[in-house]
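Engineer: A single structure is presented below for examination.
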Amino acid sequence: MKILLVEDEPRLNSFICKGLEQQGYTVDAVTTGSEALSLAATESYDLIILDVMLPGLSGFEVLENLKKFEIKVPVIIVSALNSSEHVIEGLDKGAIDYIKKPFDFGEFLARVRAVTRKGLSRSFTNFKIAHLELDLLSRKVFSNQQEVGLTKREFALLELLVANSNRVISKTEIAEKVWEANFDMGSNVIEVHLSQLRKKLGDPDLIETKVGLGYYIQGELIRS
Ligand code: CA
């Protein structure tokens, strides 16, 4: 698991870096947003730990740029900006978690571990389940070895269900992870996408519905 740490305060940078390395993580530590962006564009990270108040680009601007360049790495913000407005802004801009400074290191590590458990990590580049194969790098899907053309959203939806196979994923979780902030819970857009996905995959039973709870795919997931 490879982590990019962006923190301009030298002592905190080295403290977090050492603490993560002791847990067996590989860490690239930088002090500015622009260094972070150029590394994130060329290297493959499982997680970015991002300070907000940085010289030059702020952490929020880094998040905006990651989104703009479609660099999909989970980001945890670690910041001394501790008002709800800042937390909301960070999460709305795409961070998956927001840790307020000063923080407890044990809790910090637990939040880092939670990212891997959620299956958001990029350590795996290939998922196989039932007759499906997902190539996470080229974002291609094969059903019985035949490529299936999916939209970006359909791919993200399928990836979420496959990564969490055998677990029921609620509509709320799908909205948060696939649609991010731009989602109206009253709409039937998830149902429409699911029905389209089932049709394209040529298998109406692969994605199962648990009425009132959500959706799931059953089977043994092989990650490689
Ligand atoms: Ca700072």
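Engineer: Find the residue count for region 167-187, including only residues that are modelled with pLDDT of 90 or more, of a type outside the set (G, A, S) and in a loop (DSSP other than H, G, I, E, B).
Structural biologist: Going through region 167-187 one residue at a time, the tally reaches 2.
Engineer: Right, something else. Does E35 satisfy being within 16 Å of the ligand (Cβ to nearest atom) and either open to solvent by less than 60 Å² (accessible area, probe 1.4 Å) or within 26 Å of T125 (Cα to Cα) (or both)? Give the derivation first.
Structural biologist: Numbers: within 16 Å of the ligand (Cβ to nearest atom): yes; either open to solvent by less than 60 Å² (accessible area, probe 1.4 Å) or within 26 Å of T125 (Cα to Cα) (or both): yes.
It is true that E35 is within 16 Å of the ligand (Cβ to nearest atom) and either open to solvent by less than 60 Å² (accessible area, probe 1.4 Å) or within 26 Å of T125 (Cα to Cα) (or both).
Engineer: Name the residue that is surrounded by the fewest Cβ atoms within 10 Å (Cβ to Cβ), counting only residues in region 41-66 that are assigned to a helix (DSSP H, G or I) and out of contact with any helix residue (DSSP H, G or I) (no Cβ under 8 Å at 6 or more places or on another chain).
Structural biologist: To start, the set of residues in region 41-66 that are assigned to a helix (DSSP H, G or I) comprises 41-42, 59-66.
Subset that is out of contact with any helix residue (DSSP H, G or I) (no Cβ under 8 Å at 6 or more places or on another chain): 41-42, 64.
Working: A41: 11, T42: 7, E64: 14.
Result: T42.
Engineer: Another one. Considering each of D46, D8 in turn, give the residue that is within 16 Å of the ligand (Cβ to nearest atom) and in contact with a Ser or Thr (Cβ under 6 Å, 6 or more places away or on another chain). Show your work before the answer.
Structural biologist: Values: D46 fails: within 16 Å of the ligand (Cβ to nearest atom).
D8 is the lone residue from the list that is within 16 Å of the ligand (Cβ to nearest atom) and in contact with a Ser or Thr (Cβ under 6 Å, 6 or more places away or on another chain).
The values are calculated or read from the model by the stated rules, or taken from the named source; none is laboratory data. Computed from a predicted structure; not experimentally measured. Please note: Cβ atoms are built from the backbone with ideal geometry, for glycine as well, and neighbour counts cover all protein chains shown. For accessibility, only protein heavy atoms count, side chains too; no ligands or nucleic acids. Shrake-Rupley method; radii C 1.70, N 1.55, O 1.52, S 1.80 Å.
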